[in-house]
Each structure stands twice: as C-alpha cells, then as structure tokens.
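What follows is one structure encoded as structure tokens, with my remarks underneath.
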Amino acid sequence: MLPEYVAFDLKSAALQWLLILGVGASIALLFAFIRSFALYGTNGPNEVGREIVEGSKDFLGISPRRVGALTMLTVREAIRRKALLVFVVFGILFLFGGWFLTQSNDRPELQVKVYVSFVLTAIQWLILPVVLLLSCWGLPEDIKARSLHTVVTKPARRNEVVLGRMLGFIAVGTMVLVVMSLFGYVWLVRQVPESAQSQLICRVPVYGALKWKDREGNEATKGINTGDIWEFRGYVEGATRGRAIWTFNNLTPADMVEVQEAGKEPVERLRVESRFQAFRTYKGNMNRSLLAQITLVNAAKKLAIPLKPFELSEFGNVVTLIDRKLTYDDDASKTKKTIDLFDDLASDGTLTMEVRCLDANQFIGMAQPDLFIRKPDLPFASGYFKSIAGIWLMMALIVVLGVTASTFVKGPVAMILTFFLLILGSWFHSFLDQLVKGSVQGGGAIESMIRIYDHKNPMVELDPTARNRIIKQIDKIPFFGLRVVSQIVPNFDRFTMSEYVANGFDVPFTEPVPPYDSALLPAILSLAAFAFPCLLLAYYSLKLRELESK
Amino acid sequence: MPAEPVIQIRNLSKIYRDFWGRKKVRALNSLSLDIHKGEVFGLLGPNGSGKTTTLKLLLGLLFPTEGEISMFGKPASDVSKNERIGYLPEESYLYRFLNAEETLDFYGRLFDMPAATRKERANKLIELVGLQGARRRQLKEYSKGMTRRIGLAQALINEPELVMLDEPTSGLDPIGSREMKDLILKLKDQGKTVLMCSHFLADVQDVCDRIAILYQGELKVLGKVDELLKEQDITQIRTSRLSPEAIREIEGVIARHGAKVDGVDHPTASLEDLFLKVVHESRERPGRRFMDSPAVDAKGA
Ligand SMILES: Nc1ncnc2c1ncn2[C@@H]1O[C@H](COP(=O)(O)OP(=O)(O)OP(=O)(O)O)[C@@H](O)[C@H]1O
Ligand SMILES: [Mg+2]
C-alpha cells in the first residue's frame, strides 16, 4: 500500500524528539534518584548530581586524540581478526549472480531494475550482519578479556571508549562499503546489457503540492471518490469546473531540459510528465483515450494560459514540453500576447498548473505524484552513490545501536536485541504506525477476540454496552505501549533508497518522494537523533557498572 | 612520619555480589591504610586475601561496598587522577593483536601525548624492559615473561608519580625479577611512590619500606619492614670463611658471657617466617589483629 504524501517537517520532528528525550531523561532521573536513595540514603541526590556534573565534564572534555586511538584500535582489531573476509562472500555472489538475473527479452527498464536492486540489496544485506556482529561483540569481549581495564585506568573517559568503538566500527563498515559499492558500480555498468544501458539514468522529478476544486469550482480537500476502496487517487469530473491543482515552488530556468528536434537548434523547455487514471462512466469514444488539459495559472497577475489538450496513456508517462515563450489569446484586448514562463508567469519561482478533464461525464483520477516536472537527468552514479549513502547511514545506526546494547548485555544478547530492532524497524514499522494511528480495523487484542467469538466482522461497530466500553479502554493500554515503541524503534525504511535508483530516479535530499519513504536529510537526522541519546546511555551504562566480567 | 599521603583508605570493605545482588564473598573488611609519597609499599597475603581487590578499588574499577578512598586527594572514581598513575594488572590485559610499538603508542595516545613524545618514550621503555628484539611482533606470540615486560612498559608510559604493580615479578626469570627490583628501587630514587602486591617475599623484603599483610580481607600486620623483622632478643652474626676452630672459640666466648648458642646456620628469609607465622596465627585465631605496628596512624580518621 502506498503511503500518503507527508512532507518532512523538520520543526515538528525536532520538537517531538525533544519531547521524547525529555520524557526519557525524566524517567531515567527518577529511577536514578530512587536507586541512589536506596544506596546512599539522604546523600543520594548529591551522588546523582555529582554523576551529572562529571558526565557533562566528560562530554565537554572529549579528546580527539584518545577517541582516535580507540577508533584505530577497533579498526586494527577488525582487520587483524579477518573480519574483512566478507569480501570473499561478496565476490562470489557477484561472480555467479549475473548468470541468473534477467532474461534479455525483458523490457530494458525492468532489466535495469533487477540489476540495480540486486546490487544494492546484496551490499546492504552483506554489510549489515557484519557490522552487527562486530559492534555487538567488541565491547563485551573487551570487558571479558579485561583489556578494557588497562584502558580505563588510563585517562580515557568512558564516553571516549564508547565513541571510539562506534567510530571504529563505522570506519570498518565504511571501508567495506566503499570497496563493495565501487565494485558494484563497475559490475553494473559492465553487466547491464547493451540494449538497457540507456536506462541507467537518474531522473530528477520535482513534485508539487496538490489541491482540488469540486465541480462547482469551490475549494475541496479531496477529489471525487469513484467507489474505489483505495483512496490514493482523487477524481475530477469532465467538462465541469472540477480541477486538480499542483503548485510547484523554487523553479528556475536551470530546471528546463534541452530538447533537440530534427534539423533545428536545440531549445530549452520545461518538461512535465504525467500519468493519470481514466474512469469511464460510459463507453464513449473508444478510439481515443480521455482528454486532459493543463492550464498554467498565475492568480496574482490574473494569467491563465491553457496548453494543448492531451490523451491519457495507459502505459508510460505522457510528456508535455512547455516553451519558455508562451503565446495566448488575451480576452481583454482581443489580441495575441507573448509572455515569458520564468520572467512573467513564474517570476517568484512558483508555478501553478490546473488539470481538468475534457470529456463530459467521464472522470480522470490523479494523485500527488502523478504529475511532476522533470529536471535535466543526472548521471546514474548520482542516485547510485546517494543510495549507498543511505546504506551507510543505516549501517552507522546499526553500529550505534549495537554498541549501546553491548554496554548493557553480553555479545549474543546484544546481537539478538539489535537484530530484533532491525527487523521491527524495517518490516513492521509501517504496520506499527497504522496500529498506533488506529487505522487497522477491528480494534485491539481483546476486542478482536470478542469479534471472533461473536462472529462479527471488523467493520461493524460493537454495541456500546458497558462490557464493550471497558474492553475498548483496556485495549488502549497496549496501544499506548505500542505508540511508545513506535517512537523509540528506528524506522529503517527511512534509509532504504535503492527503490528510487532501481526505478530510474535520483534520491531526493530533503523530502521523500512518494511512494517511497526515504530521503537523505531525514535519514541523516534520524541517525543523529539516535546517536546522541545512545551515546549518553552507553556512557552511563559503562560508568555506573563494575567492569568485572560476570 | 612523612607527610602527604598519596593514598588514603578508610574503613574500606568490599562484598562481591552475584547478578541478583546476593552476597558471594566478603573480599575486604574495613581496611584503613595510608601510603605516603616516595615510599615503596608492599601488600602481602595468601591467595584470595583481597590484594587485587584493593588495587582495583583504588583504581575505580570496582566500587567499594563501604568506606572511602582518596587518591591524590581525589575520589577513586575521578578519571583525571589516572594521569599520574601507572598500573600493571595481575595478568597483562593488553590487546593481543597489537605489537609492542603499537601497544605503547596506543596507551601513549590515551594520555594525549604528542607523536614525538610517544615515539621517544616507547623506544626508551622497550629498551628498559629488554624487548628490542620483539618490538614488531604481535603480543599473542609473546611468552609469559615478555607479556609481563610489555605490561610494565605500558604502566610507565606516562612517567607516573604512583606506580601500582600487581605481582610484578610473576612470570619473570631470575634476571628479570632482579631487574624489576632494581627498577622499583630506581623509581623510589626518583621520588615516586610504589604500591605492589607480591607473593615473592624475598623480593618484597628487598625493596619495600613498609608492608601490610592481609588475611581473608582483613589487615593483620602493618609496619616498616626493618622494624617488623627486627627481633630484639636475637643477635645474628654473619661472617665469611670461618674455620671450625674459630667457631668453637666464639662459642666459648658466648658461653663465658652466660648465653647459649641456639644454632649456627645460614640465615633464612625472615619475612617468610613472619608471613607464615601471621597466616598460621590468623587461621588459629580468626578475627584477631595479629600485631599492632607503630606505623598505623589511621585510627583517628
Ligand atoms: N569478580 C569477582 N567476583 C566474585 N568474587 C571475586 C571476584 N574477584 C575476586 N573475588 C574474590 O575476592 C576474594 C579476594 O580476591 P583477590 O583477587 O583480591 O585476591 P588476591 O589477594 O589478589 O589473590 P591472589 O594472590 O591469588 O592474586 C577472593 O575470595 C576471590 O574469590
Ligand atoms: Mg591478586
């Protein structure tokens, strides 16, 4: 199921993060006070205060040289313990992988998709277990062999130990990733069949915000629902005032593509691609598809320039090229006028496009990502290495989580814990989110049980008896727990960017482009958001415990 | 009495607990000690008497169940005190995949030393502990004594004011342990403080100014080595190459003064006698402080 378009909102994300951090810190402090009271009596609060002061000092006084030493140690350890044997597995996979991948009679973009997905998935699922293993075993082994004793009896602070370990494992992962991704790139470029090479590109779409007008021309929050349960697309009725309105921001002339027509000078045009759904209420003219028309609008300047109508296409995108100089009939002066797309129409970088259906009583279905401006293509490497960056961020997050877990529990337990987080965060996160938002039908655990027992289907409301109301309240308790879990478990979907590249798109920086969930900036911030509390947690976990192996 | 205690221990107790917080062992019971600047202090006791536990408590590796510790006037949990301390653990807990040079460089970095200083000290120390021939070999290939030596080198990398050595001579060959003792005396000459644990009583007797004997976590004896070992009513005369006639003559002289010759033999390691006596007595009469020494000054604190 496709997620709805949610703009990434930095401010609210930051606020939410602070809130969770604050609540977490308060709970931790409360426990600290209770425990210190049990241990030291009335002197307890002083002890807590001392730990906080010492902690702040340790974090402010971090020595890059010490952290560097520990990082280097970690890298050396990994190399001398032959952790890099993973390359062998990788190499073998690729030697034989190419034989089974695609049939050469597949469509070119499908072939590319298979190859690119294979490479990126292979890299991801080879590197994650390696760093998971390394990061979860490192510190527990260090404690068990007591080599950590010799380190912490030097002026090395415990946060430096944690940080050094984390950076070390990240460095090892980076080395592995760099080699693998370069190898993968070369392999791809050489292995993709000649006929499909042209599909190794990175399209750069620009998406706009979508608004609607109903058939009377009033503003609407949604398009018309034609009875589809899946509400992804809204519909516009033909030959009415119904419109779907896209607004694009920050456009510049550099967003135009160069178009070469036979026997002419190349010209720069704005390339718009669309793919709408036709919904016929009667057969109509079956020799052609439904007709749609885009109108460029600048409400402030009272400009509305209709473009040539086009037929919907069932396969592939319809490409509309907009000239920079636009000629239109001016109703007021009854003359033809010419204006400039960027100087006049979108002088502040904002361009509005209204789409309507021209066939009476027929409908056209549209969703936000169904129409986009396509900027000049980037080389394939751009998207490829950006999605490698996504894998890198994911790997770094695994290291952070693994090292943190390993300060609390022994290696195997830490591994299971981190692995569990990874599974929960990559496969069940969207389910978790739906559950928490209450968009899964049939209610909570007990309610569902009763429905099964009463043979009630999940759509029917339960009778508002006292029993049922109490049950609904009880069912909310685990939901609250789940909400907390869904906030704390990292969403690994945010880091998976291979889908963009596999489908021939560039990886966006600030905002995810539907139907996918990931973009670089949110992934970077996600990593940072977890790294800070994890570092703090791991520091106190190492500091407040005796480093004897038990 | 020298002023300025480098280490102050007051009523220190340690109980090891298991995961569920149940008491397992009482490893140390109400220990009070002062160790002063510039002295070589020996911590003795049979296996499992709490020597290593004491060192680990001092270093902040373990947390005391009761009591207080002050090192250079700071609590044991303060990491900044480590700048002035060198520690040789019971077994050298080092990274076995590093070689000697890398090991010293690594620990030098932990003291935030610049590269030039690290290099210079590493060279000096490798020479000092006699590992020139093995400086590029990984520690996992080292013999026990070699591991001990590199362990000692890392403990001295920061030119510490206080050196804590947990059984420094274990695993060393006779030459090595002689060198170790010389080194300890040299450190003392440089005005450094040394705290060591050992089973080799002869070594302790040779180098220590003061000793403490622990038995099952309790302090049994504390005092200056020479005072503890001086037995007032025994006079020992040592000569060399004495003929049987001369011995007979001397016996005659002693008899004339109304004394009796107990025996003529070569002197034994007298600290060993003391040690065995203390351990024996402690076993017989548990809970009794065996011998009060003039050096105990901790009572008022
Ligand atoms: N990590 C631990 N967990 C539980 N008990 C411990 C632990 N470490 C030491 N002990 C116990 O504490 C007591 C004192 O041990 P410690 O290592 O301090 O003795 P020691 O004097 O150094 O002995 P040795 O001469 O053999 O080195 C022993 O009974 C030992 O079993
Ligand atoms: Mg010991």
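The values are calculated or read from the model by the stated rules, or taken from the named source; none is laboratory data. All of these numbers come straight from a predicted model, not from anything done at the bench. So basically every Cβ, Gly included, is an ideal-geometry build from the backbone, and we count neighbours across all protein chains shown. Note: accessible area is taken over every heavy atom of the protein model, side chains too, but ligands, DNA and RNA are not part of it. Shrake-Rupley method; radii C 1.70, N 1.55, O 1.52, S 1.80 Å.
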Nitroxide proxy distance, nm - points 7 Å out along Cα→Cβ at A:Ala466 and A:Leu93: 6.1
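With all protein chains present, how much of the accessible area of chain A (probe radius 1.4 Å) comes from carbon and sulfur, to the nearest whole percent?
C and S atoms contribute 63 percent here.
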Area of B:Thr52 that stays accessible when all protein chains are in place (1.4 Å probe, Å², to 10): 20
Max mean-square fluctuation residue, GNM over chain B, Cα-Cα springs under 10 Å, options B:Ala255, B:Ala115, B:Ala134: B:Ala255
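Of B:Lys14/B:Lys181; A:Lys57/A:Lys543; A:Lys57/B:Lys119; A:Lys410/A:Lys543; B:Lys51/B:Lys144; B:Lys181/B:Lys224, which ones are farther than 23 Å apart at the Cα?
On the way: B:Lys14/B:Lys181 30 Å; A:Lys57/A:Lys543 14 Å; A:Lys57/B:Lys119 30 Å; A:Lys410/A:Lys543 16 Å; B:Lys51/B:Lys144 21 Å; B:Lys181/B:Lys224 18 Å.
Cα-Cα > 23 Å for B:Lys14/B:Lys181; A:Lys57/B:Lys119; rest within.
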Solvent-accessible surface ranking, highest first, for A:His455, B:His36 at 1.4 angstrom: A:His455, B:His36
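On a full-extension model of 0.36 nm per residue, what is the gain between B:Glu141 and B:Leu242, subtracting their alpha-carbon distance, rounded to one decimal in nm?
Working: separation 101, 0.36 × 101 = 36.36 nm, distance 5.08 nm.
Working it through step by step, the gained length comes to 31.3 nm.
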Overall form of chain A per C-alpha gyration tensor (a/c, 1.5; a/b vs b/c): prolate
Inter-probe distance in nm under a simple model that places probes 7 Å from Cα toward Cβ, at A:Lys144 and B:Lys224: 5.1
Buried on assembly, the stretch A:31-68 (at least 40 Å² less accessible surface than by itself, 1.4 Å probe): A:Arg65, A:Arg66
At least 50 Å² accessible surface lost relative to isolated chain, residues of the stretch B:82-112 (1.4 Å probe): B:Asn82, B:Tyr93, B:Tyr95, B:Phe97, B:Glu102, B:Phe106, B:Arg109, B:Leu110, B:Asp112
Overall form of the stretch A:234-366 per C-alpha gyration tensor (a/c, 1.5; a/b vs b/c): prolate
Spatially proximal aspartates and glutamates relative to B:Lys260 (Cα-Cα < 19 Å; intrachain offsets below 8 disregarded): B:Glu231, B:Asp233, B:Glu245, B:Glu249, B:Glu251
Acute angle (nearest 10 degrees) that the helix A:10-40 long axis makes with the longest principal axis of chain A, alpha-carbon atoms: 20
Alpha-carbon centroid distance for the pair the stretch B:156-175 / the stretch A:108-140, whole angstrom: 48
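Would you mind getting the accessible area per residue of the protein assembly as shown, heavy atoms of the protein chains only, 1.4 Å probe, in Å²? The partial results should precede the final answer.
Working: 43830 Å² over 851 residues.
Normalised by residue count, the accessible surface of the protein assembly as shown is 52 Å².
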1.4 Å probe, heavy atoms, protein only - residues of the stretch A:152-201 losing at least 30 Å² accessible area vs chain alone: A:Thr153, A:Lys154, A:Pro155, A:Arg157
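Using a 10 Å Cβ count of at most 16 others and DSSP loop calls, identify the longest part of chain A lacking such GluC sites (Glu not before Pro).
Details: sites that count: A:Glu4, A:Glu216, A:Glu231, A:Glu261, A:Glu314, A:Glu461, A:Glu546, A:Glu548.
It runs A:5-215.
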Degrees between helix A:64-80 axis and first principal axis of chain A (Cα, 0 to 90, nearest 10): 90
In degrees, nearest ten, helix A:158-191 long axis to first principal axis of chain A (Cα): 40
Rounded FRET efficiency, nearest 0.05, which uses the C-beta distance separating A:Phe431 from A:His455 and R0 of 35 Å: 0.85
Chains A and B, summed buried accessible surface - 1.4 Å probe, Å², nearest 100: 3200
Hits among lysines - C-alpha to C-alpha of A:Lys308 under 20 Å, sequence gap 8 or more where chains match: A:Lys325, A:Lys334, A:Lys336, A:Lys337
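Among the DSSP beta bridges whose two residues both lie in chain B, what percent are antiparallel, rounded to the nearest 5? Don't skip to the answer; put the middle values down first.
On the way: 22 of 40 bridges.
That works out to approximately 55 percent antiparallel.
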Dimensions (Å) - chain B, Cα atoms, principal axes, largest first: 72, 48, 36
Carbon plus sulfur fraction of accessible area for chain B, probe 1.4 Å, in percent: 49
For B:Asp203, solvent-accessible area (1.4 Å; no DNA, RNA or ligand), Å²: 20
Placed amide H near A:Cys202: partners under 5 Å, 5+ positions off or other chain: A:Leu378, A:Phe380
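Computed FRET efficiency, Cβ-Cβ of B:Leu185 and A:Ala25, R0 51 Å: what is it to the nearest 0.05?
0.45
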Three-way shape call for the stretch A:5-89 based on the alpha-carbon gyration tensor, with the a/c threshold at 1.5: oblate
Part-to-part distance (alpha-carbon centres) for the stretch A:321-365 and the stretch A:234-266, which is given in Å: 9
Highest-fluctuation residue, B:Ile157, B:Ile213, B:Ile247 considered, GNM on chain B with Cα pairs under 10 Å: B:Ile247
Chain B: most fluctuating residue of B:Arg109, B:Arg210, B:Arg149 per GNM, C-alpha cutoff 10 Å: B:Arg109
Distance from the stretch A:473-523 to the stretch A:158-209 (C-alpha centre basis), Å: 19
Linear extension gain, A:Ala254 paired with A:Asp323, 0.36 nm per residue minus alpha-carbon span: 23.5 nm
